[in-house]
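Participant: Could you have a look at this structure, given as structure tokens, before my questions?
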Amino acid sequence: MSILRFRAKNHPQQVRLRGPEDDTDDRRTPDELWLPLHAEFRFTLDAAARPWNTKLPRFCEDGLRDSWAGERVWCNPPFSDVRPWVEKAWAETDAQVVVMLLPANRVEQKWWQELVEPHRDQPGGLLRVRFLPGRQRFNRPGWTKPQKGDRPPFGCALLIWQRHAEGCDMDEDCTC
């Protein structure tokens with residue numbers, strides 16, 4: 001796939017004009033990514049899932065309104081409107097950990113510059129950013145097997161908000 005002729009289907013400008021496209025926003029987390037993260041963070045709640053694509057027995061009916069308090073949250077939000085999900089993660093001060101999968105090609109956008117960049121990877125801070133290598137292949141409705149050129153033209157990053165327990169040394173492997 002050449003990026004020269006690529007036209008984003010769910011870019012915020014297109015979404016404002018015609019609304020989000022469900023088949024584009026329904027980027028289901030593949031097990032190759034999910035399983036190691038679940039082993040690391042021991043998630044208890046899937047915040048942005050639907051019954052047909054949830055990764056956990058417990059998921060939110062409305063992740064932007066439901067409480068995440070006391071939970072270990074996995075969140076793969078619709079990429080067409082990321083800002084409210086990042087704001088929600090900041091507001092959920094009682095969640096133990098929130099791990100959010102986002103496109104890594106949005107770092108110039110206002111939401112990233114206001115909500116992520118000033119806070120990420122600060123000593124003793126709540127937010128870490130982990131950029132994932134390569135381009136992630138997502139499972140989509142009607143998708144059967146990988147095909148050459150079916151990856152999106154962007155990489156992904158994990159935003160990790162983690163409240164640390166008293167006495168935690170906050171090392172790289174911390175799961176408090």
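The numbers here are math on the coordinates, done by the rules we state, and not lab data. These figures come from a predicted structure and were not determined experimentally. Cβ sites come from the backbone with ideal geometry, for glycine too, and all protein chains shown count toward neighbours.
Participant: Checking the a/c ratio against 1.5 first, then a/b against b/c, what shape does the Cα gyration tensor give for the stretch 28-106?
Facilitator: rounded
Participant: 7 Å from Cα along Cα→Cβ at both Asp81 and Leu35: what's the point-to-point distance in nm?
Facilitator: For the pair Asp81/Leu35, the computed spacing is 3.5 nm.
Participant: Something else: Tell me the GluC sites (Glu not before Pro) within the stretch 64-132 that lie in a loop according to DSSP and have at most 15 other beta-carbon atoms within 10 Å.
Facilitator: Within the stretch 64-132, the qualifying GluC sites (Glu not before Pro) (loop, at most 15 other Cβ atoms within 10 Å) are Glu108.
Participant: On to the next question. Within 13 Å, Cβ to Cβ, of Val116, how many net charges do the neighbouring residues add up to if Lys/Arg are +1 and Asp/Glu are -1?
Facilitator: For residues surrounding Val116, the net value is +1.
Participant: Can you compute the modelled spin-label distance between Gln109 and Arg42, with each label point 7 Å from Cα toward Cβ, in nm?
Facilitator: Taking the simple label geometry, Gln109 and Arg42 are separated by 3.3 nm.
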